[in-house]
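Note sheet for the following structure.
The values are calculated or read from the model by the stated rules, or taken from the named source; none is laboratory data. Everything numeric in this text was worked out from a predicted model, so none of it was measured. In this analysis, Cβ positions are derived from the backbone assuming ideal geometry, glycine residues included, and neighbour counts consider all displayed protein chains. Accessible surface is based on the protein model in full, side chains and every heavy atom, while ligands, DNA and RNA are left aside. Shrake-Rupley method; radii C 1.70, N 1.55, O 1.52, S 1.80 Å.
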Amino acid sequence: MVSVPSPSHGAHSATPAEQPPTPVKLVIAGGFGVGKTTAVGSISDIRPLTTEAAITEVAAGVDDLTHTPGKSTTTVAMDFGCLTIDPTLKLYLFGTPGQDRFGFMWDDLVEGALGGLVIVDTRRLDDCYAAVDYFEHKNLPFAVAVNAFDGEVGDDLDEVRWTLDISEHVPLIVFDARRTGSVRDALLVVLDVAISRAEAAAAT
């Protein structure tokens, strides 16, 4: 057996191992083709895990491709990625499928989530009601991010808030799902909302 000598007098003891970053789960939701998969892919530190399937003629007859004519695949289960904010915090991102027929998966995906980001396409706001209603019903902190397709937003934010009946305490922002910095800023808004609610609950 090999014995380990005791450190000499005055020697510094080994520094404790660095603590791993705190894991935080966030959900990215929204209607069909609003940019969820793009957002996860833009920000993830790792190659995102996607469950993309080809859009068949049958699916094309169900899903509205009017504003996304070049879309050939769709998420059928989830997207997954992660983002290290700093040495103390790591986000795990779960993107939901956008079609109503895959809505049964949402409960599993939001389990344990700290908050959510609902992505909105102003060209078809009708597809976004379900996601907003879902997070409000779950009482889960969330923010709404209008995706600036082609760098433009079709409607005024006040009109979007009124149309979707978004509560005043819910942040409503504009972002670009293709830009890493823009997605990061949107996720930080969600974190701020979740932290603020937790602090308010602790104060009561």
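Take the residues in segment 123-139 that are crowded, with 19+ Cβ neighbours inside 10 Å and among the hydrophobic types (A, V, I, L, M, F, W, C), then tell me which one is farthest from ASP192 (Cα to Cα).
Filtering first and then ranking leaves CYS128.
Is it true that VAL183 is open to solvent by less than 60 Å² (accessible area, probe 1.4 Å) and at pLDDT 95 or above?
Yes; evaluated as a whole, the condition is true for this residue.
Please state which one of ARG161, ARG178, ARG197 is of a type in the set (D, E, K, R) and within 16 Å of the chain's Cα centre (by Cα).
ARG178
Condition (residue is open to solvent by less than 60 Å² (accessible area, probe 1.4 Å), at pLDDT below 80 and on the phi < 0 side of the Ramachandran plot) applied to segment 80-87: is it met by at least one residue?
So far as segment 80-87 goes, no, none of its residues is open to solvent by less than 60 Å² (accessible area, probe 1.4 Å), at pLDDT below 80 and on the phi < 0 side of the Ramachandran plot.
Give just the number: which of (1) at pLDDT below 60; (2) assigned to a loop (DSSP other than H, G, I, E, B) does ARG47 not satisfy?
Here ARG47 clears every test but (1).
Which count do you get for residues in segment 150-180 that are open to solvent by 10 Å² or more (accessible area, probe 1.4 Å), without any contact (Cβ under 8 Å) to a residue 60 or more places away in the chain and under 24 Å from ILE43 (Cα atoms)?
Final tally of qualifying residues: 9.
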